[in-house]
Amino acid sequence: MTMGRLDATARHLRLLTETIAAVNSSLDLQKVLELVASKVADALGTDACFVYLYDERTDELVLRATHGTRVEELTRTPRMRPGEGITGAAAAEREPVMLSEQAHLDPRFKQFPNLPEDEYESILAVPILARDTLEGALNVRTRERRAFSDAEIELLVAIASQVAQTIEHAKLYERAQRRVAELEALARISEAVSESLYLEESLEAIVKTTMESLHATGAALVLEDGKIAWPEGRSGAFAVRMPLRWKRRQIGELVCDRDTPFSADDEALLEAIAHHAAVALEHGRAVMRGVLAQEIHHRVKNNLQSVASLLRLQSRADNVDARKSLNDSVNRILAIAAVHEVLTEHREDDVDLGELVDRLRAMLVQGLVVGKDVSAELEPVSLAGQQATALALVFTELFQNALEHGGEHVSIALAQRNGDVVLTIADDGDGIHGDDAGTGLSIVRALVRDELRGRLALENEGGLRAEVVFPA
């Protein structure tokens, strides 16, 4: 062996040692690939180096780092299948490929619009193999004609072999880091679901954590009725819809958008988040059902007590017509039922009095043998459930009295004035004569005074006009 060859061998060993030491100095995969590109170009004295990483999921070589040139942002990241292009051929054949001149004229050459490879004259491409497993490929290029020696090819193959181990370690580290981030994200979601008493807070935490964990442009939870429970951000070029399942039933979807494709690991994390979202949704609904059941129980108990009190009061009256007394009691119970119906339909604590009065009007008019002219001007007025029950009973008594004892026309008006609710019922009958303290009016006076904290005014001018005023 000549002195020149010994010097070259020593230099190659030194370059190999320095290159491997440099790329082993980090576990950050992207940083490792960038170091590979720069150190390999320096070691072989080339003008450029391109490093491709193999994506097993898509069976593609994806350009991840360059040195001596740059990728113009005109199209997507350059990628090729093993066997495509000169570098793809080296990856598929598991052997180096060297062209000393006019490499861009080779029939295997693959042109990328945003990668200026045709300005280079020579190319040396080698696969990056870890125990016969393809991890990627790299190539070095020169602008001048250059025939790489066998020793240089062996050096690049040796560097690629050692780089493969480094890439494996960096990938493992990247997966571990990603797994830690996923576990932290799921822990935050579990904490939000378990600690929050409000469903909206849980859903908000899930959506925001989804966006942070997957670097998403937007995310949303869509319920089974198509309603978007919590949207955040904006749509992206790629989207994943993950079903929310509870006991084999789909109860919604988790939608996630971003500008880059989703990996299998990303989809696995989204699936785990979707499971937590389904648990949160059903947990929140169960809590709401429990609260609603308690509220209904409370209201039913109070209203049954009201019915019992009314029946007791009716039974104490003298000279009672049993049939009329029974009909009056039925109407009072139906008035309370109407309040429950409105509360249940809207699932709210407040009642729209206009809607309630209109329902009661229709119910009471329906039982008349002889039709009467009934007009109504009802403004939308909101009232708490318990007060609405009292007002329903007051209206039922006054309106029923107008229908039975009034003339041909009955008018109803509901309005809000200076912070008070004003209910007026007027008819064109004979009005009230003598003692007006019958059972029905006694009930009205007691309810207006005790439950509504208001006042009742009766006027006998061209009929009877009853006005109930109480604080809204």
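A short reminder: the numbers here are calculations on the coordinates, not readings from a lab. The shown structure was predicted, so the numbers you read here are calculated from the model rather than taken from an experiment. Glycine gets a Cβ as well: all are built from the backbone with ideal geometry, and neighbour counts include every protein chain shown.
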Residue span residue 212 to residue 365: 0.36 nm per residue of separation minus Cα-Cα distance leaves a gain in nm of 49.1 nm
Mind ranking 237-244, 249-256 by how tightly packed they are, going by the mean number of other C-beta atoms within 10 angstrom, highest first? 249-256, 237-244
Show me 258-267, 45-54, 387-396, 459-468 ranked by packing, highest mean number of other Cβ atoms within 10 Å first. 387-396, 45-54, 459-468, 258-267
So if R0 is 25 Å, what FRET efficiency would residue 449 and residue 472 give, r being the distance between their Cβ atoms, rounded to the nearest 0.05? 0.90
Report the label-to-label distance for residue 457 and residue 177 in nanometres (one decimal), using points 7 Å from each Cα along the Cα→Cβ vector. 7.8 nm
Across the range 28-42, in residue order, what do the Karplus-derived ³J(HN,Hα) couplings come to in whole Hz, using 6.51 cos²θ - 1.76 cosθ + 1.60 with θ = phi - 60° and x for Gly and Pro? 6, 4, 5, 5, 4, 5, 5, 5, 4, 4, 6, 5, 5, 4, 5
Computed from the beta carbon distance with a Förster radius of 35 Å, FRET efficiency for residue 95 and residue 248 to the nearest 0.05 stands at 0.10
Pairs from 31/227; 110/171; 39/110 whose Cα-Cα separation, in the structure shown, is over 32 Å: 31/227
Residue 133 versus residue 13: modelled label distance in nm, points set 7 Å from Cα along the beta carbon direction: 3.1 nm
Residue 268 and residue 379 label points (each 7 Å along its Cα→Cβ direction) are spaced in nm at 6.4 nm
How about the range 20-128: which trypsin sites (Lys or Arg not before Pro) there are in a DSSP loop, with at most 13 other Cβ atoms within 10 Å of their Cβ? 57, 70, 76, 94
Mind running the shape call on the range 59-127? Use the C-alpha gyration tensor, a ≥ b ≥ c as the square roots of the eigenvalues: rounded below 1.5 for a/c, prolate if a/b tops b/c, oblate otherwise. oblate
